[in-house]
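K.L.:
Sharing a structure with you now.
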């Protein structure tokens with residue numbers, strides 16, 4: 001588990017690609033720099049798409065944890 | 001954060017400048033192909049690539065304001081089972097994905113002038129997602145890389 005305090009948690013399980021990523025992008029846009037956002041996604045595409053987008057948009061991927069049928073991503077809004 | 005560049009990109013504050021434009025020609029007007037095209041567009045926009053979408057023939061017809069949300073069927077290869085699989089997945093409608101893509105990045109959706117004439121329609125007949133009308137030469141003036149045809 002991460003020690004970062006979660007600012008906002010998004011349960012995007014069951015959403016089809018690219019829903020979870022779009023939801024994360026929306027949350028990042030609404031949030032403040034330093035916010036830590038948790039996303040739960042069962043979409044296979046998220047496993048590569050969320051890290052790719054976070055790197056491209058220059059935020060910080062704190063943690064990726066595979067769980068039973070889904071993955072948990074923790075992202076810090078860096079700018 | 002608002003970043004203004006020479007090209008006017010960068011509403012999201014991405015590092016800009018080296019990204020390649022995605023140039024999509026949409027010909028097919030079935031929901032499966034429009035769905036796939038919308039996913040490509042929103043993905044490219046998320047990754048800070050400018051996108052031009054050029055609507056011809058049946059794709060243009062699908063963007064008509066009075067029928068954009070109607071059932072446009074699927075490609076013949078889908079078959080009943082394929083269509084069920086697609087509809088059951090609970091995907092966001094392609095028109096909404098195009099809307100999100102335009103909100104996210106530099107995405108232009110342009111109607112082919114020739115197809116507009118073929119259908120005898122004007123921009124008033126089209127969904128507001130469509131930015132305007134281009135001739136094919138205008139499209140190629142902007143498309144400086146490969147063109148994807150769907």
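K.L.:
Report whether or not residue A:23 is touching a strand residue (DSSP E or B) at 6+ places or on another chain (Cβ under 7 Å), at pLDDT 95 or above and under 21 Å from residue B:36 (Cβ atoms).
P.N.:
It is true that residue A:23 is touching a strand residue (DSSP E or B) at 6+ places or on another chain (Cβ under 7 Å), at pLDDT 95 or above and under 21 Å from residue B:36 (Cβ atoms).
K.L.:
Collect the residues in the range A:1-27 that are within 9 Å of the chain's Cα centre (by Cα) and within 13 Å of chain B (Cβ to nearest Cβ), keeping them in residue-number order.
P.N.:
Result: A:20, A:21, A:23, A:24, A:25.
K.L.:
Which ones in the range B:75-103 are at pLDDT below 95 and surrounded by 19 or more Cβ atoms within 10 Å (Cβ to Cβ)?
P.N.:
Those that are at pLDDT below 95 and surrounded by 19 or more Cβ atoms within 10 Å (Cβ to Cβ): B:91, B:92.
K.L.:
Applying the selection to the range B:43-70, what residues are in contact with a helix residue (DSSP H, G or I) (Cβ under 7 Å, 6 or more places away or on another chain) and farther than 21 Å from residue B:112 by Cα?
P.N.:
Within the range B:43-70, B:45, B:46, B:47, B:48 qualify.
K.L.:
Please verify whether the range A:29-42 includes one or more residues that are surrounded by fewer than 16 Cβ atoms within 10 Å (Cβ to Cβ), within 23 Å of residue B:100 (Cα to Cα) and more than 14 Å from chain B (Cβ to nearest Cβ).
P.N.:
Within the range A:29-42, none of the residues are surrounded by fewer than 16 Cβ atoms within 10 Å (Cβ to Cβ), within 23 Å of residue B:100 (Cα to Cα) and more than 14 Å from chain B (Cβ to nearest Cβ).
K.L.:
Scan B:37, B:59, B:44 and give me the residue that is under 17 Å from residue B:147 (Cβ atoms), in a helix (DSSP H, G or I), at pLDDT 95 or above and more than 14 Å from chain A (Cβ to nearest Cβ).
P.N.:
Working: B:37 fails: more than 14 Å from chain A (Cβ to nearest Cβ); B:44 fails: more than 14 Å from chain A (Cβ to nearest Cβ).
Just a single option satisfies the conditions, and that option is B:59.
K.L.:
Of everything in the range B:115-150, what is closer than 18 Å to residue B:44 by Cα and in contact with a helix residue (DSSP H, G or I) (Cβ under 6 Å, 6 or more places away or on another chain)? Give them in sequence order.
P.N.:
Within the range B:115-150, B:129, B:150 qualify.
The values are calculated or read from the model by the stated rules, or taken from the named source; none is laboratory data. Values in this document were obtained by computation on a predicted structure and should not be read as measured data. For neighbour counting, all protein chains shown are included, and Cβ atoms are generated from backbone atoms with ideal geometry for every residue, glycine included.
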